[in-house]
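S.K.: Please see the structure below; I have some questions.
Each value in this text was obtained by applying a stated rule to the coordinates, not by laboratory testing. Just so it is clear, the model here is predicted, and its values are computed rather than measured. Please note: Cβ atoms are built from the backbone with ideal geometry, for glycine as well, and neighbour counts cover all protein chains shown.
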Amino acid sequence: MLRELKEGLAAGASAEEVVSAIFEKIKRSRLNAYNCLSEESALERAKNFDKKPWGGLLAGVPIAIKSSISTKGIETNCSSRILSGYIPPYDAHVIERLKEEGAIIIGKTNMDEFAMGTSTETSCLGPTRNPWDTDRVPGGSSGGSAAAVAAGEAPAALGSDTGGSIRCPASFCGIVGIKPTYGLVSRYGLVSYANSLEQIGPLALTVEDAALVLDVIAGHDPRDSTSAEQDRVFLPHTERYLPSLTNGVKGLTLGVPEEYFGEGVDPEVEKAVWDAISKLEDLGAAWKMVSLPHTKYALAAYYIIAMSEASSNLARFDGLRYGLRLGADQDWHTTFSEIRAAGFGPEVKRRILLGTYALSAGYYGRYYLKALKVRTLIKEDFERALSAGGADLLVTPTMPFPAFKIGERIEDPLSLYMADVFTVPINLAGVPAISVPCGFAGGLPIGLQIIGRHFDEASILRAAKAYEDATPYHEAVPKEVV
């Protein structure tokens, strides 16, 4: 827990010993949660902290970072061969904030290549394994970050969420993950997959830990045109979300979307979520059924929009300025094509091709523009359900089933895409959501998703904290993986 770790460091515990112990655990691990370690620089920073401790919300605390977030001097390869060896000359905004608040970056975590996946199996460096069952996936695309936190290989981590990539692995690994409101956290320095959908967010063992990391990374950044300006004035070392955790759920109305239950949902998952709703009711919340009628179109709209944006964003990766370079150059077109053919994996190629097709002449209006119109309808569904006369929060399963086995779905892309059915609507609407552990199915964690209004992270955090305090699921830990 970050609070205990911070208090221990403030009382004189050695940051070097803490960091060294984490690296030892990582080196013994079979999870493949990391694709790059910054051991030398992390230990040096820890030694400096021990000599002369500094202040900050995360003073001396080790943090793991998803490999799609730029870190100056540390390889940022997005788990793709085409970016192998790429070391950014600058830090992402969130990394600047972590360093300003005293955190120690311990390494970059494995992920689905360019964040395109639900299982962390598309990484060019091999799949990450779930610490609860090493034959199963940890979820994706931030699977390395989630597995590292769940297995004690990092106290907390950053991930990114384009269609569920924080909440899915949080659910599968039995930890807490937050997808913030679009625009709350700067995307500056995040290697883009789908600009209009993705957000950086925290993964942690508890709601309090996740709120603390969100306090650090949230805020306006003028370098990101999508960064919201409502938090323009930033005060260092300020706790904004932590104070809301003690407010409980009394007086809140929870909306339960009828479209998020029934066909396709594992019965044990459905039961665990309804048990969680009953627990929240016992704590003072009321609940009512609501409808999000355009949910059935969300997956189709999401994948058209995401793939279209990906086909545009990934055009910059050609191996000519950085990353993968093959043998002797030929003419530009041949060299460009050969590098991309060798550098991108099958799933990335699939999404580039589908996105390019959706944006092509004659199909742009039939697919991409229509998907944008559906997105507007989905956004309106959420605004209506979360209106003053509706619900304060929505409560759903995070994933329709527990973690599946490695290799079980990777050859069936549609099956993998369907796994995102409860997470992608949130990204289309731009609202915040949190996944918290709410039970087990066959020994595998189940996640409860709590969704809020735009920029109302405080409410989803207070509800998640109230539920966490009343249940034991966050205290469960996977067996030691060595």
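S.K.: Kindly provide the set of residues from region 464-480 that are over 22 Å from VAL269 (Cα atoms) and surrounded by 21 or more Cβ atoms within 10 Å (Cβ to Cβ), ordered by number.
M.R.: Answer for region 464-480, where residues must be over 22 Å from VAL269 (Cα atoms) and surrounded by 21 or more Cβ atoms within 10 Å (Cβ to Cβ): there is none.
S.K.: Also, quick follow-up: What residue, among those in region 1-25 that are small (Gly, Ala, Ser) and touching a helix residue (DSSP H, G or I) at 6+ places or on another chain (Cβ under 6 Å), is farthest from VAL207 (Cα to Cα)?
M.R.: Top of the filtered list is SER14.
S.K.: Are any residues in region 322-362 of a type in the set (Val, Ile, Thr), closer than 15 Å to SER311 by Cα and over 25 Å from the mean Cα position of the chain (by Cα), and if so, which ones?
M.R.: THR356
S.K.: Give just the number: which of (1) closer than 30 Å to GLY55 by Cα; (2) in contact with a strand residue (DSSP E or B) (Cβ under 8 Å, 6 or more places away or on another chain) does ASN247 not satisfy?
M.R.: Going through the list (1) closer than 30 Å to GLY55 by Cα; (2) in contact with a strand residue (DSSP E or B) (Cβ under 8 Å, 6 or more places away or on another chain), ASN247 breaks only (2).
S.K.: Same structure, new question: Just checking, does region 416-425 include any residue being charged (D, E, K, R) and over 20 Å from the mean Cα position of the chain (by Cα)?
M.R.: no
S.K.: Would you point out the residue of region 272-295, among those that are within 20 Å of SER171 (Cα to Cα) and either of a type in the set (Asp, Glu) or without any contact (Cβ under 8 Å) to a residue 24 or more places away in the chain (or both), that is surrounded by the fewest Cβ atoms within 10 Å (Cβ to Cβ)?
M.R.: SER278
S.K.: Next question. Can you find even one residue in region 137-151 that is in a strand (DSSP E or B) and either without any contact (Cβ under 8 Å) to a residue 12 or more places away in the chain or crowded, with 24+ Cβ neighbours inside 10 Å (or both)?
M.R.: There is no residue in region 137-151 that is in a strand (DSSP E or B) and either without any contact (Cβ under 8 Å) to a residue 12 or more places away in the chain or crowded, with 24+ Cβ neighbours inside 10 Å (or both).
S.K.: Would you check which residues across region 22-71 are free of Cβ contacts under 8 Å to residues at least 40 places away in the same chain and in a strand (DSSP E or B) and list them?
M.R.: Once the filter is applied, which keeps residues that are free of Cβ contacts under 8 Å to residues at least 40 places away in the same chain and in a strand (DSSP E or B), region 22-71 yields only THR71.
S.K.: Can I ask one more? Please verify whether region 5-21 includes one or more residues that are assigned to a strand (DSSP E or B) and surrounded by 14 or more Cβ atoms within 10 Å (Cβ to Cβ).
M.R.: no
S.K.: Right, here's the next one. Taking region 427-463 as the region of interest, how many residues are under 11 Å from GLY174 (Cα atoms), surrounded by fewer than 24 Cβ atoms within 10 Å (Cβ to Cβ) and not hydrophobic (A, V, I, L, M, F, W, C)?
M.R.: Counting residues in region 427-463 that are under 11 Å from GLY174 (Cα atoms), surrounded by fewer than 24 Cβ atoms within 10 Å (Cβ to Cβ) and not hydrophobic (A, V, I, L, M, F, W, C) gives 2.
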